[in-house]
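What follows is one structure encoded as structure tokens, with my remarks underneath.
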Amino acid sequence: MNPFDGLGSALRLIRIRKEMRQKEVAALASVTPSMLSSYETSKRKPELSTLERILIALEVDLRELVDMIEEVQAARLRDRPPEEVALKDMLTSLLELGVINAQVLADLAREDQ
């Protein structure tokens, strides 16, 4: 599993637990609320400097973020059968190694439906 799968959900959960609004965190981190939303929904990945500003705005350190990412990943694993998790991890690894490409994955997904 990618170590940053769950980054967006982790940022969102931290923000909610701290009872902060997106607009507030965005202003403190010098990003737009829509940009913060795109990070929280994992539509985009923040640059490292942007992530650092968001963490400062949330008043959390990197260890707390990593702990929350691990919490999110564990929750996702509990909700999926082990064979589904293993298949996704294997396909992700093959994609990262360049053994297969995104088109092959798309074709496999279409065949599975």
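Annotations for the structure displayed:
- Label point distance in nm, residue 5-residue 34, each placed 7 Å from Cα along Cα→Cβ: 3.0 nm
- Spacing of the two label points (7 Å from each Cα toward its C-beta) at residue 97 and residue 41, in nm: 3.5 nm
- Neighbour cut-off at most 12 other Cβ (10 Å), DSSP loop, GluC sites (Glu not before Pro), region 1-51: 19, 47
Any read-out appearing in this document is the output of simple, stated calculations on the displayed coordinates, not a laboratory observation. Note that this is a predicted model, so its numbers are computed, not measured. Ideal geometry is used to build each Cβ from the backbone, glycine not excepted, and the neighbour counts take in all protein chains shown.
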